[in-house]
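The values are calculated or read from the model by the stated rules, or taken from the named source; none is laboratory data. What you are looking at is a predicted structure, and each value in this text was computed from that prediction instead of being measured. Virtual Cβ from ideal backbone geometry, glycine too; neighbours counted across all protein chains shown. Note: accessible area is taken over every heavy atom of the protein model, side chains too, but ligands, DNA and RNA are not part of it. Shrake-Rupley method; radii C 1.70, N 1.55, O 1.52, S 1.80 Å.
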Amino acid sequence: MSDFQHILYDLADGVATITLNRPDKLNAASGLMIEELLAAFDRADADDGVGVLIITGAGRAFCAGADLTRGDETFVAARTEGLGAAGEEVYAREEAREPGGPLALRLYQLKKPVIAAINGGCAGFGASLPLPMDIRLASETAKFGFVYARRGMVPEVCSSFFLPRLVGISKALEWCYSGRHVDAQEALRERLVSGVFAPEELMPAARRLAREIIDNAAPVSIALTRQMLWRGLDMAHPMEAHRIESRGTYSRARAGDVREGIRAYMDKRAPHFPETASEDMPDFYPWWREPDYS
């Protein structure tokens with residue numbers, strides 16, 4: 001079970017379930033919650049016993065956004081005290097980084113599939129957190145609020161990157177300009193989520209999907225596919241995709257996973273893939289070089 005304070009971490013049958021666990025505060029994000037989420041993502045990514053992550057919230061909300069108990073000082077992080085007036089020198093400091101961004105960046109780098117099970121309302125940070133996750137399922141009670149402009153703020157958690165790629169630039173701008181609450185059915189129509197369920201059916205649906213992935217797909221193939229598709233969003237020409245797919249096809253064709261996958265199909269049985277994402281990624285991985293954005 002969990003050894004965290006503001007989240008729960010439970011691993012069962014290959015599924016790591018991470019639950020935002022401040023229900024008395026509608027799971028509002030704290031600095032400790034962000035630290036614990038980063039640690040949980042690292043734990044799950046390094047553990048070959050984890051096939052899929054599910055992220056959800058305790059109680060009636062997914063995440064109400066930033067914890068506003070500090071009032072109008074909420075967004076002035078303690079670590080920025082003493083940095084001085086805004087300016088290029090200050091902006092370049094590590095302490096001045098928006099604290100939710102590292103969560104999105106870590107999710108972007110994961111080798112494991114991530115399912116968001118959005119069990120209730122989410123706003124600001126809470127609405128942006130599911131965007132870098134691979135599949136978003138929502139309860140009928142879920143509502144999304146990209147409320148930043150209503151608080152005098154701007155998007156965070158890398159949502160200015162992810163949201164337009166999921167719902168298109170015009171809809172992303174509409175939601176961010178207005179800050180209005182978007183219900184689950186509108187989120188489904190605009191493809192922000194891929195399924196809407198009765199509250200009691202949300203987690204069973206997420207677990208069924210996780211099982212379908214774990215029971216049928218090779219972990220190395222999943223890790224490669226996840227990065228190929230996410231990073232493919234910014235490819236300038238299909239030739240870039242062809243080059244990466246050619247490397248993947250050449251290397252995987254000689255792998256034990258492929259032999260097992262074909263034999264299992266021919267034998268009409270479930271596959272038992274021998275390779276792991278921690279040990280058996282091909283030599284061309286990672287094929288990208290992360291730019292220096294500091």
Inset, instruction - Please give the contour-minus-distance gain from Ser170 to Met266: 0.36 nm per residue of separation, less the Cα-Cα distance, rounded to one decimal in nm. - result: 29.8 nm
Legend entry - the chain, accessible area per residue, ligands and nucleic acids excluded (1.4 Å, Å²): 53
Inset, instruction - May I ask for the angle, rounded to the nearest 10°, between helix 256-267 and the longest principal axis of the chain, with both axes built from Cα atoms and the value confined to 0 to 90°? - result: 70
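How big is the equivalent ellipsoid of region 167-294 along its three axes, where each semi-axis is √(5λ) from the Cα gyration tensor, reported in whole Å from largest to smallest?
They are 33, 25, 12 Å, listed from largest to smallest.
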Inset, instruction - Rank Leu229, Leu8, Ala58 by how far each Cα sits towards the positive end of the charge dipole of the chain (+1 on Lys, Arg Cβ; -1 on Asp, Glu Cβ) and give me just the farthest. - result: Leu229
Inset, instruction - Kindly express, to the nearest 10 degrees and within the range 0 to 90, the angle between helix 31-46's C-alpha long axis and the longest C-alpha principal axis of the chain. - result: 10
Legend entry - Rounded tilt (10° steps) of 202-216 against the dominant C-alpha axis of the chain: 30
Legend entry - Net length gained if the chain between Leu32 and Thr249 were fully extended (0.36 nm per residue, minus Cα distance): 73.9 nm
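Sort region 174-238 into rounded, prolate or oblate with this rule: let a ≥ b ≥ c be the square roots of the eigenvalues of the Cα gyration tensor; rounded if a/c is under 1.5, and if a/c is not under 1.5, prolate when a/b is larger than b/c, oblate otherwise. Show your work: numbers first, answer last.
Values: a/c = 3.71, a/b = 1.17, b/c = 3.17.
In terms of gyration-tensor shape, oblate.
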Legend entry - Estimated 222 nm signal from helices in the chain, with DSSP H stretches of n ≥ 4 weighted -39500 (n - 2.57), rounded to 500: -11500 deg cm²/dmol
Legend entry - Dipole magnitude (debye, nearest 20) for the chain, charges at Cβ of Lys, Arg, Asp, Glu: 860
Inset, instruction - Pop a pseudo-label 7 angstrom from the Cα along the beta-carbon direction at both Glu94 and Trp288 and give the gap in nm to one decimal. - result: 2.3
Inset, instruction - Tally the DSSP beta bridges in the chain and give the antiparallel ones as a percent, rounded to 5. - result: 30
Inset, instruction - Determine one quarter of the surface area of the Cα convex hull of region 148-207, which equals its mean projected area, and express it in nm² to one decimal. - result: 4.8
Legend entry - Sequence-distant lysines (8 or more away, or on other chains) whose Cα lies within less than 23 Å of Lys25: Lys143
